[in-house]
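**Q** Below is a structure I'd like to ask you about.
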Amino acid sequence: MLDISGLQILHEDNHLIAVNKPAGWLVQGDATGDTPLAEYVKEYIRIRYKKQGEAFIGVIHRLDRPVSGVVIFARTSKGLARMNKLFQERKIEKTYWAITAERPKPIEGHLTHYILKDSSRNVARAYDQIGKRTQNAKKADLDYKLLGRIGSLNLLEVKPLTGRPHQIRVQLSKIGCPIWGDVKYGFNRGNQDGSIHLHCRALSFIHPVKKEPVYIEADPPDEQLWREFS
């Protein structure tokens, strides 16, 4: 039996459930064999509603393993299909917080790049334009602004308008602002626990079944650098 005592539920209704994913957790299982967040949510549903057998949980979207924050799962097949459509149609507003050591110039703006992922190395690169060797790259757009600065720490609010692999990480790195702890994309040292200081702060959308506005917000990890901005 899985220990679900640390699971932080942010939203729950008949069709959807949202949790605050800790940094370092997988959303969905992979080759590592580590137990993913989806399995913990299944266990929570099974216990809470006294279900016989396995509960249904549909994975709608993912956060990279070292990233924390809001993750939404579907509790019904209807919820899964309709949320997938909302994500595909870019009708989900996503807000992230990122801590960087470098201050972006300008302090507020819009970024457009073309991202090409090397799946064999699980790494992406951002290009200013598409060339012959990057013709399969996908357009990536985001808005960002500086929310605060304490010493050498900069807190950015980032709103990705597309959903490309490692998008925020690689785009901020491209402008010289790698995320704190993200050695894969240019930060000079990693965090001891393998996390990076990128957090999905909030998701907002119109509920696909109830047709009501939904706003789901997650506090960042209770960790020294995040506490600087609390």
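**Q** What are the pairs, 6+ residues apart or on separate chains, where a residue within the stretch 37-62 that is more than 26 Å from residue 94 (Cβ to Cβ) and in contact (Cβ under 8 Å) with a residue 24 or more places away in the chain has its Cβ under 9 Å from a residue that is hydrophobic (A, V, I, L, M, F, W, C) and surrounded by 13 or more Cβ atoms within 10 Å (Cβ to Cβ)?
**A** 43/2; 43/4; 43/7; 43/55; 47/4
**Q** I've got another one for you. Restrict the check to the stretch 163-179 and report whether at least one residue is polar (S, T, N, Q) and surrounded by fewer than 17 Cβ atoms within 10 Å (Cβ to Cβ).
**A** no
**Q** Now a separate question. Out of the strands (runs of 3 or more DSSP E) lying entirely within the stretch 19-118, which hold 1 or more residues that are over 30 Å from residue 2 (Cα atoms) and of a type in the set (D, E, K, R)?
**A** The strands (runs of 3 or more DSSP E) meeting that bar are 93-100, 108-118.
**Q** Restricting attention to the stretch 21-53, report how many residues are closer than 19 Å to residue 77 by Cα, modelled with pLDDT of 90 or more and surrounded by fewer than 16 Cβ atoms within 10 Å (Cβ to Cβ).
**A** Counting residues in the stretch 21-53 that are closer than 19 Å to residue 77 by Cα, modelled with pLDDT of 90 or more and surrounded by fewer than 16 Cβ atoms within 10 Å (Cβ to Cβ) gives 2.
**Q** Would the stretch 8-20 turn up any residue that is surrounded by fewer than 19 Cβ atoms within 10 Å (Cβ to Cβ), in contact with a strand residue (DSSP E or B) (Cβ under 7 Å, 6 or more places away or on another chain), over 15 Å from residue 60 (Cβ atoms) and touching a residue at least 24 places away in the same chain (Cβ under 8 Å)?
**A** The answer is yes; a qualifying residue exists.
**Q** Does the stretch 77-124 hold any residues that are surrounded by 15 or more Cβ atoms within 10 Å (Cβ to Cβ) and under 16 Å from residue 18 (Cβ atoms), and which are they?
**A** Across the stretch 77-124, the qualifying residues are 79, 80, 82, 83, 84, 86, 87, 92, 94, 95, 96.
**Q** Can I ask one more? Among the residues of the stretch 150-208, write down those that are farther than 23 Å from residue 117 by Cβ, hydrophobic (A, V, I, L, M, F, W, C) and in contact with a Leu (Cβ under 9 Å, 6 or more places away or on another chain).
**A** Across the stretch 150-208, the qualifying residues are 153, 155, 205, 206.
**Q** Could you look through the stretch 128-183, keep only residues that are in contact with a Phe, Trp or Tyr (Cβ under 8 Å, 6 or more places away or on another chain) and among the hydroxyl-bearing types (Ser, Thr, Tyr), and pick out the one that is farthest from residue 202 (Cα to Cα)?
**A** Checked the stretch 128-183; the qualifying residue farthest from residue 202 (Cα to Cα) is 134.
**Q** Now for a different question. Scan the stretch 119-137 residue by residue and report those that are under 17 Å from residue 64 (Cβ atoms) and either modelled with pLDDT of 95 or more or in a strand (DSSP E or B) (or both).
**A** Listed by number, the residues that qualify are 123, 124, 125, 126.
**Q** Counting just the residues of the stretch 208-230 that are surrounded by fewer than 17 Cβ atoms within 10 Å (Cβ to Cβ) and of a type outside the set (D, E, K, R), which one comes out nearest to residue 94 (Cα to Cα)?
**A** Among those residues, the one meeting the criterion is 215.
**Q** Can I ask one more? Please go through the stretch 125-137 and pick out each residue that is free of Cβ contacts under 8 Å to residues at least 24 places away in the same chain and surrounded by 13 or more Cβ atoms within 10 Å (Cβ to Cβ).
**A** If the condition is that a residue be free of Cβ contacts under 8 Å to residues at least 24 places away in the same chain and surrounded by 13 or more Cβ atoms within 10 Å (Cβ to Cβ), then 127, 130, 134, 137 are the ones that fit.
**Q** Quickly run through the stretch 145-177 and pick out the residues that are under 22 Å from residue 228 (Cα atoms) and over 15 Å from the mean Cα position of the chain (by Cα).
**A** Of everything in the stretch 145-177, those that are under 22 Å from residue 228 (Cα atoms) and over 15 Å from the mean Cα position of the chain (by Cα) turn out to be 145, 146, 147, 148, 149, 150, 151, 152, 153, 154, 155, 177.
The values are calculated or read from the model by the stated rules, or taken from the named source; none is laboratory data. These numbers come from a predicted model, not from an experiment. Glycine also receives a Cβ, built like all others from the backbone with ideal geometry; neighbour counts cover every protein chain displayed.
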